[in-house]
Amino acid sequence: MENDLFLESFSRLLADVADMVEVRAVHGGASTSAMWQALTESGFLDALVAETHGGVGLGRAEILPLFMLAGRRLLPVAFAHTVVARMLIATAGEALPVDGPILLWPVGSSGTLRSQIPPAAFEAGHALVQHGASFRIVPLRAGDGGDGFGFHAATLVADASPLVEFEIKDCDLLDWAAALTAVSSAGAAARVLELSQQHVTERQQFGRALGNFQAIQHLIAQAAEQSVLAATAARIGFSGKDVALDPLRVALAKTLTANAASELSRIAHAVHGAIGISKEHDLQLYTRLLKRWQLSYGSQDFWAERIGAARIAASDGTAVDFIRTALAPS
């Protein structure tokens, strides 16, 4: 019941400050300050921070529906990233150095972001950068030019001094960023399915609703399967209670949600026809972001290789035994 109250409250908040009119306005260059102010005042930004550190103290299972709803609504601010960043900062015993959005920024040994495409900037002013066990908050800015998906990508401010530095052992920020991307994808996938169902119900062809044709019904059934698969996979990747996520579960979540997003997008555009790619229709905004998220924090191939390596390492037993062990309650 308490979880429902949190979700209901968050849903009302997004309906007030982040409906599709506001979301489209932000994508067109409008400010996100009103959205962010409302989120800050709501208290949800400290949902994962322990009560001993002044937070709400929710668990991952409790915050997951809120993150999924943010993906479903295409919330154009770094809400989930900031919630996780604030939790990690508090876990390390550090004071929060900034009030604004914080993007997760895992880097590799070369110092570059571990992602094929940087996160969209919007108005996020800082990043939580991880290099090994070291974490630091540094300024970032919107990059010059577009990213191929109609957004300005974020970029770190060169040679900027960190606002705070701390260490957390055995915590991989790439896992967190990938898991959050999977959750956002699952939320958006649910809305793509809903848009498709609505379209085939309302659209007429040869005097009948599209949804009355058996071929269309088959496509919608396939789309529903992919949406459920994405939601289930996202929950797998976000499960557990420790500050670190299970890397194999994250790999499963990121791979499966990305694959589901591809199939669902294909079906959605097939049933919508040309109208789905028009600027005025919401579908193209959803599928563009789904494709962008596929390239964020590791592609399907990157995470599938991790799953394959784990399977090879677990040489005993069948593939079913491997999956059962991977999904065993932690």
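Search the stretch 262-285 for residues being within 17 Å of Gly150 (Cβ to Cβ) and among the hydrophobic types (A, V, I, L, M, F, W, C), and hand back the single one that is most open to solvent (accessible area, probe 1.4 Å). Working first, answer last.
Let us first name the residues in the stretch 262-285 that are within 17 Å of Gly150 (Cβ to Cβ), namely 265, 269, 276-285.
Among the residues that remain, those that are also among the hydrophobic types (A, V, I, L, M, F, W, C) are: 277, 283, 285.
On the way: Ile277: 125, Leu283: 0, Leu285: 6 Å².
Looking at the filtered set, the residue picked out is Ile277.
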Exercise for review: Tell me, please, whether a residue that is under 18 Å from Arg114 (Cα atoms) and touching a helix residue (DSSP H, G or I) at 6+ places or on another chain (Cβ under 9 Å) can be found in the stretch 278-293.
Suggested key: yes
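Kindly provide the set of residues from the stretch 134-144 that are open to solvent by less than 40 Å² (accessible area, probe 1.4 Å) and at pLDDT below 90, ordered by number.
Looking only at the stretch 134-144, we keep the residues that are open to solvent by less than 40 Å² (accessible area, probe 1.4 Å), and these are 134-135, 137-140, 143.
The one that is open to solvent by less than 40 Å² (accessible area, probe 1.4 Å) and at pLDDT below 90: Gly143.
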Point to revise | Unmet requirement for Ala215, which otherwise passes all of (1) outside any loop (DSSP other than H, G, I, E, B); (2) touching a residue at least 12 places away in the same chain (Cβ under 8 Å); (3) more than 27 Å from Ala70 (Cα to Cα) | key: (2)
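For the stretch 71-156, which strands (runs of 3 or more DSSP E) that fit wholly inside it have 1 or more residues that are closer than 28 Å to Lys279 by Cα and over 15 Å from the mean Cα position of the chain (by Cα)? Explain how you work it out, then say what you get.
Working: elements: 102-106, 126-131, 134-142, 154-156.
Once the strands (runs of 3 or more DSSP E) in the stretch 71-156 are filtered for at least 1 residues that are closer than 28 Å to Lys279 by Cα and over 15 Å from the mean Cα position of the chain (by Cα), what remains is 134-142, 154-156.
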**Study point:** Looking only at the stretch 159-197, and only at residues there that are modelled with pLDDT of 95 or more and polar (S, T, N, Q), the one that is nearest to Pro65 (Cα to Cα)
**Key:** Ser184
Practice item. Under 6 Å between Cβ atoms, at least 6 apart or on separate chains: pull out the pairs that start in the stretch 304-319 with a residue that is of a type in the set (Val, Ile, Thr) and end on any residue that is surrounded by 11 or more Cβ atoms within 10 Å (Cβ to Cβ). Key: Ile307/Ala251
Study note, to complete from the structure: In the stretch 263-307, anything closer than 14 Å to Gly187 by Cα and of a type in the set (Gly, Ala, Ser) is listed as Ser265
Check your understanding: Would a scan of the stretch 62-75 turn up a residue that is open to solvent by 20 Å² or more (accessible area, probe 1.4 Å) and touching a strand residue (DSSP E or B) at 6+ places or on another chain (Cβ under 7 Å)?
Key -> no
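Answer with yes or no whether Ala90 is surrounded by fewer than 23 Cβ atoms within 10 Å (Cβ to Cβ) and touching a residue at least 40 places away in the same chain (Cβ under 8 Å).
On the way: surrounded by fewer than 23 Cβ atoms within 10 Å (Cβ to Cβ): yes; touching a residue at least 40 places away in the same chain (Cβ under 8 Å): yes.
Against the criterion (surrounded by fewer than 23 Cβ atoms within 10 Å (Cβ to Cβ) and touching a residue at least 40 places away in the same chain (Cβ under 8 Å)), Ala90 qualifies.
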Study note, to complete from the structure: Condition set among the polar types (S, T, N, Q) and in a helix (DSSP H, G or I), scope the stretch 23-55, selection farthest from Thr82 (Cα to Cα): answer is Thr52
**Study point:** Residues within the stretch 188-212 that are over 15 Å from Arg72 (Cα atoms) and either assigned to a helix (DSSP H, G or I) or open to solvent by less than 50 Å² (accessible area, probe 1.4 Å) (or both), tallied
**Key:** 10
Revision key, fill the gap. Output for Cβ contacts, cut-off 9 Å, separation at least six or different chains, first residue free of Cβ contacts under 8 Å to residues at least 12 places away in the same chain and within 16 Å of Pro76 (Cβ to Cβ) in the stretch 115-129, second crowded, with 22+ Cβ neighbours inside 10 Å and of a type in the set (S, T, N, Q), reads none
Revision key, fill the gap. Expected output for the stretch 3-29 (first residue within 25 Å of Ser278 (Cα to Cα), partner hydroxyl-bearing (Ser, Thr, Tyr) and surrounded by 15 or more Cβ atoms within 10 Å (Cβ to Cβ), Cβ below 8 Å, 6+ apart or cross-chain) is Val26/Thr32
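The values are calculated or read from the model by the stated rules, or taken from the named source; none is laboratory data. As the structure is a prediction and not an experimental result, all values here were calculated from the model. Cβ sites come from the backbone with ideal geometry, for glycine too, and all protein chains shown count toward neighbours. To get the accessible areas, we keep the full protein, side chains included, count just its heavy atoms, and leave off ligands, DNA and RNA. Shrake-Rupley method; radii C 1.70, N 1.55, O 1.52, S 1.80 Å.
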